[in-house]
1. Return yes when residue 61 is within 18 Å of the chain's Cα centre (by Cα), closer than 19 Å to residue 42 by Cα and outside any loop (DSSP other than H, G, I, E, B) and no when it is not.
2. When the residues of segment 65-77 are filtered to those that are modelled with pLDDT under 90 and not in a strand (DSSP E or B), which remaining residue is surrounded by the most Cβ atoms within 10 Å (Cβ to Cβ)?
3. Does at least one position in segment 32-46 carry a residue that is surrounded by 14 or more Cβ atoms within 10 Å (Cβ to Cβ), free of Cβ contacts under 8 Å to residues at least 60 places away in the same chain and touching a helix residue (DSSP H, G or I) at 6+ places or on another chain (Cβ under 7 Å)?
4. So residue 86 passes all but one of these: (1) over 16 Å from the mean Cα position of the chain (by Cα); (2) touching a residue at least 24 places away in the same chain (Cβ under 8 Å); (3) surrounded by 15 or more Cβ atoms within 10 Å (Cβ to Cβ). Which condition number does it fail?
5. Could you tell me how many of the residues in segment 91-106 are outside any loop (DSSP other than H, G, I, E, B) and either touching a strand residue (DSSP E or B) at 6+ places or on another chain (Cβ under 7 Å) or within 18 Å of residue 49 (Cα to Cα) (or both)?
6. Identify all residues within segment 47-56 that are surrounded by fewer than 17 Cβ atoms within 10 Å (Cβ to Cβ) and under 16 Å from residue 29 (Cα atoms); write none if there are none.
7. Being surrounded by fewer than 11 Cβ atoms within 10 Å (Cβ to Cβ) and closer than 17 Å to residue 31 by Cα is the requirement here; does residue 140 meet it?
8. Does segment 96-114 include one or more residues that are crowded, with 16+ Cβ neighbours inside 10 Å and within 13 Å of the chain's Cα centre (by Cα)?
């Protein structure tokens, strides 16, 4: 009886650890999956999209433009953008449009030099905004 319980416990642990769901976006080459499967994120919180992204978001900020509210996420730093550096795949930009408008993102009130950085506080503040569209743009290769 003890052997059966031990065997069952070991099998349960193995199955449990191997059944963890992977994030949809494992590398920046996978960002297009968010666009392809965007319907599963419609009318869901922004944080659901962010949870599916494994590569570090090095730049993120809110925009209010011509009646649209959206967030821009990039996988390279502002310095890399200015110097035109970084891997071509990492230069992809992710735009997530949200229903709620306008986004209260004030560049002047953010810490100097960190205006374009997405923080955990930002995710807490904006994570519940409702996704209505996802757009992915890859710069033209030179």
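1. No; evaluated as a whole, the condition is false for this residue.
2. The initial filter retains those residues of segment 65-77 that are modelled with pLDDT under 90, namely 65-67.
From what's left, not in a strand (DSSP E or B): 66-67.
Numbers: 66: 5, 67: 7.
If we take residues in segment 65-77 being modelled with pLDDT under 90 and not in a strand (DSSP E or B), then 67 is surrounded by the most Cβ atoms within 10 Å (Cβ to Cβ).
3. Checked segment 32-46: no residue is surrounded by 14 or more Cβ atoms within 10 Å (Cβ to Cβ), free of Cβ contacts under 8 Å to residues at least 60 places away in the same chain and touching a helix residue (DSSP H, G or I) at 6+ places or on another chain (Cβ under 7 Å).
4. Here residue 86 meets the rest and fails (2).
5. Initial filter on segment 91-106 (outside any loop (DSSP other than H, G, I, E, B)): 91, 93-98.
Then drop every residue that is not either touching a strand residue (DSSP E or B) at 6+ places or on another chain (Cβ under 7 Å) or within 18 Å of residue 49 (Cα to Cα) (or both), which leaves 93-98.
So the count comes out to 6.
6. Answer for segment 47-56, where residues must be surrounded by fewer than 17 Cβ atoms within 10 Å (Cβ to Cβ) and under 16 Å from residue 29 (Cα atoms): 54, 56.
7. On the way: surrounded by fewer than 11 Cβ atoms within 10 Å (Cβ to Cβ): yes; closer than 17 Å to residue 31 by Cα: yes.
Considered against the rule, which asks whether it is surrounded by fewer than 11 Cβ atoms within 10 Å (Cβ to Cβ) and closer than 17 Å to residue 31 by Cα, residue 140 comes out as yes.
8. The first filter runs over segment 96-114 and keeps only residues crowded, with 16+ Cβ neighbours inside 10 Å, leaving 96-98, 103, 105.
When the remaining residues are screened for being within 13 Å of the chain's Cα centre (by Cα), the result is 96-97.
Checking segment 96-114: at least one residue is crowded, with 16+ Cβ neighbours inside 10 Å and within 13 Å of the chain's Cα centre (by Cα).
The values are calculated or read from the model by the stated rules, or taken from the named source; none is laboratory data. Note that the structure is a prediction, hence the values are computed from the model and not measured. Counting neighbours? That spans all protein chains shown, and the Cβs are built from the backbone with ideal geometry, glycine included.
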